[in-house]
Amino acid sequence: MSLSALYDLPAPAKLNLFLHVVGRRPDGYHLLQSVFTLIDWCDTLHIERRADGQISREDLGPMLPADDLCTRAARLLQSASGTAQGAHIAIDKQVPWGAGLGGGSSDAATTLLALNRLWGLHWSRSRLLELGLQLGADVPFFIAGRNAWVEGIGEQLTPIALPPTGYVVLKPPVAVPTAAIFSSPLLTRDTPRTTMAVFLAQPKSFGKNDLQASAEAYSPQIVDGLEILRQNFGLSRMSGSGSAVFAACNARQHVDLVRSLVTPDASWVARHCNSLAFHPLLAWCAD
């Protein structure tokens, strides 16, 4: 009997433990080196199969753009597979956008993994990875489903074993447009390449985020967030192109301290997150 619906599907966020811009391709895309780690801050999706071929979406939390990545992912898989089936996608959006946490990309990846099962396509992971890259450079990471050493524009993934770690993640009340950060004159694009072995020798303190200076110039609130975390936890860093910042912290109660420092401005979000060893839906797709 074929499935008619899949409920409570997690779409976890990620952190960039470091992010170096090491060059630029002739087509303008930037070449990166980074380590992505999955964290347990998740959006939740509920997807029902539609027999009429239509793709529809329902927002259970904040309103999303009409043509968000989930909808685009569903239409792309529908077109590429030639299926006549459709889907209704309901999204409980918890991971903030404009944060550098990959929330939209993760939603798209969960949509592809779920519809691959719901529509009975049985595509391999490598086939979904190729499709995901058409949606965005971060989407393949979430489809691959493991913490990774990342190169290229984000599509070259090497699984990496990372120790379980807790983080305080602080999201200032600003959404950072990625295009503005990558076009900033403050962005350096020639950080020397490194290796996974060098990172693993000092994983807690290695490297920097080359996008951070541009983002700090864009929003002083990012500077404030980084300083709050630095004063309380030592090393702080921005994830992706911002605006979320984070620090390693295995004691969950310390997030209350961070919340007290940004009170009474409730537009700041502080959360304690734990790293994930792998994506919760990793087994849903054959390698």
Projected-area mean, segment 166-274, by convex hull of Cα positions, square nanometres: 7.2 nm²
Cα Rg, Dmax, the chain, angstrom units: 18.7, 57
If you place +1 on the Cβ of every Lys and Arg, -1 on the Cβ of every Asp and Glu, and leave all else neutral, what size is the dipole of segment 187-287 about its Cα centre, to the nearest 20 Debye? 220 debye
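As a test of the formula, what do you get for the chain when each DSSP H run with n ≥ 4 contributes -39,500 (n - 2.57) and the sum is divided by the residue count, at 222 nm and rounded to the nearest 500 deg cm²/dmol?
Rounded to the nearest 500, it is -8500 deg cm²/dmol.
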Test of understanding: in a Gaussian network model of the chain with alpha carbons linked when under 10 Å, which of Ser219, Ser275, Ser34 would top the mean-square fluctuation ranking? Ser219
Given the pairs Lys171/Lys204; Lys14/Lys208; Lys93/Lys204, which span a C-alpha to C-alpha distance of over 19 angstrom in this model? Lys171/Lys204; Lys93/Lys204
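Computed from the coordinates by the stated procedures, all read-outs in this text should not be read as laboratory data. Because the structure is a prediction, the values reported are computed rather than measured. Note: ideal-geometry Cβ built from the backbone for every residue, glycine included; neighbour counts use all protein chains shown.
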